[in-house]
Amino acid sequence: MEIHFSKLYENGNDFIVIDEREHVVIPDDMKGQFAAIYCDRRFGIGAEGVLFLLKSEKSDLRMRLFRPDGNEKGMWGDGIRCLARYAYDAGNVKETCTIETISGALGVSMGYSEDIFTATITMAPPKFDRKEIPATGSGDYEETIEGFEVHAVNTGAPHAVIIVDAVDAVDLAFVAPKISHHETFSEGASVNFVERISPDSIRIRTFEQGVEDETLSCGSGAMASAAIVHKLGFAGDVVNVETKGGPLTIYLRDGGAKMEGSAATVYTGRIDY
């Protein structure tokens, strides 16, 4: 069977896109296995996840995202922008659309300026209550783990956020898995170390749950980091986030949340499956 795919990235965070709007390409019970095989960077295509583009009864498009560990993830901000870029270039959507995910429907506005594609995602407001993260206990999350003061928030996925003096001084590979799989996180959490570089700018490094490694960019992690520094009074309602892969801008206004960033197509190809 021939499977046609596209490879896209946003700030170095890369995805395989499979278009299933017209018919099922990968059966649902095989999607996780497919992601585990083809996200492998040595024996597969290599990606942070596989995005499946589907029709939606409630929105303009529907997205399902499977990670390299074979599990489905509710929302990935970088993935949304890549999917929007694919759909926009294919003529499936215009400058605005809504995309259904298992974490809810998200609004997208997008377009080109001087050949650079930019998309702004209207996301669900950050959730700080432990039950919504989810995490054990009640109230807002603040714990000391491995000597770090850890805050947590759900921005479509659970995220731990730690503010440090310098992100490059953190032994991320050693400490992040211990925080990610700490017993207080009932479903685990991605881990973001945050360095404040100006009143409204931060630099972050993210350990992605499911990928189980540092990722160059994580949209929901950038949103989580901005939400925490904003909540703690360290930044205003517009936060510039510097990831290893590139910049994102987070808007936190009137209880809402938006994320702005770019996306690019690398290549298209075919798998003999």
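We did not get these values from a lab; they are worked out from the coordinates using the rules stated. Small disclaimer: the values here were computed from a predicted structure and weren't measured. Because the Cβ atoms are built from the backbone with ideal geometry, glycine has one as well, and the counts that use them run over all protein chains shown.
If you put +1 on each Lys and Arg Cβ and -1 on each Asp and Glu Cβ, how big is the dipole of the chain around its Cα centre, in Debye rounded to 20? Please report the intermediate quantities before stating the final value.
On the way: 26 positive and 43 negative charges, 84 e Å.
In debye, rounded to 20, the chain gives about 400.
DSSP beta bridges confined to the range 130-250 are antiparallel in about 75 percent of cases. Each part reduced to its alpha carbon centroid, the range 228-273 and the range 110-160 end up 11 Å apart.
Among 66-72, 264-270, the peptide with the highest mean count of other Cβ atoms within 10 Å heads the list, and the full ranking is 66-72, 264-270.
Taking every C-alpha pair closer than 8 Å and separated by at least 6 residues, the mean separation divided by the residue count of the chain gives a relative contact order of 21 percent.
Order the peptides 211-221, 172-182 from the highest to the lowest mean number of other Cβ atoms within 10 Å of their residues.
Peptide ranking by packing, descending: 211-221, 172-182.
In this calculation the C-beta distance from GLN33 to LYS131 is compared with R0 = 30 Å, giving a FRET efficiency of 0.40.
For a 26 Å ceiling on Cα separation, which of these pairs sit above it: LYS7/LYS73; LYS7/LYS127; LYS131/LYS258; LYS31/LYS231; LYS55/LYS94? Distance filter (> 26 Å) returns LYS7/LYS127; LYS31/LYS231.
With neighbours defined as other Cβ atoms within 10 Å of a residue's Cβ, the residues MET63, MET30 order from fewest to most as MET30, MET63. Restricting to the chain, compute how many DSSP beta bridges are antiparallel as a %, nearest 5. Roughly 80 percent of the DSSP beta bridges within the chain come out antiparallel.
In plain terms, the C-alpha convex hull of the chain casts an average shadow of 14.3 nm² when viewed from every direction.
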